[in-house]
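Note sheet for the following structure.
Taken together, the values in this text are just the output of simple stated rules run on the coordinates, not laboratory data. Keep in mind that what you see is a predicted model, and the values were worked out from it rather than measured. Note that we place each Cβ from the backbone using ideal geometry, even for glycine, and neighbour counts take in every protein chain shown.
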Amino acid sequence: MAVTVRFVSVFRDLGVSRRLFVVEAETLEKTIDKLEVQIPGLKEKLVDSHGRLHPAYQVIHTKGNRQGLCSKLDCPIADGDEIVITPLISGG
């Protein structure tokens with residue numbers, strides 16, 4: 001069950017220079033856990049202290065021709081889906 005994960009912004013502070021990863025997972029949480037093996041410290045950035053997706057990031061789930069937001073870690077993901085992780089931009 002391969003899921004493609006793209007990062008809009010590279011997490012250079014974690015030593016990541018790649019923007020594309022492929023993992024096998026059935027939920028967003030398991031996807032993040034698999035990525036944590038390749039990118040230590042990523043889960044701490046993406047998941048807040050309450051076990052929810054950190055509000056500073058947005059996760060876009062593409063399934064076929066449909067896109068939607070994954071706002072919860074139990075968001076189901078299927079073989080061939082794509083996940084895009086992007087930081088929210090704020091400021092004034």
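Given the -39500 (n - 2.57) contribution per DSSP H run of 4+ residues, what per-residue ellipticity at 222 nm results for the chain, rounded to the nearest 500 deg cm²/dmol?
Taken over the chain, the calculation gives -4500 deg cm²/dmol.
Students often get this wrong, so try it: which of (i) 15.9; (ii) 13.3; (iii) 15.6 is Kirkwood radius over Cα pairs in Å as calculated from the structure shown?
(ii)
I need to check one value: relative contact order of the chain, counting alpha carbon pairs closer than 8 Å and at least 6 residues apart, in percent.
37
Tell me the label-point distance for the pair Glu24, Thr86, using the 7 Å Cα-to-Cβ offset, in nm and rounded to one decimal.
With each label placed 7 Å out from Cα toward Cβ, I get 3.1 nm.
Between region 15-52 and region 54-92, how far is it from one alpha carbon centroid to the other, in angstrom?
12
Taking 0.36 nm per residue of separation and subtracting the Cα-Cα distance, what length does fully extending Lys43 through Asp13 add?
Between Lys43 and Asp13, full extension yields an extra 9.5 nm.
How far, in nm, would the chain grow between Leu69 and Thr4 when pulled straight, counting 0.36 nm per residue and subtracting the alpha carbon separation?
Between Leu69 and Thr4, full extension yields 21.9 nm more.
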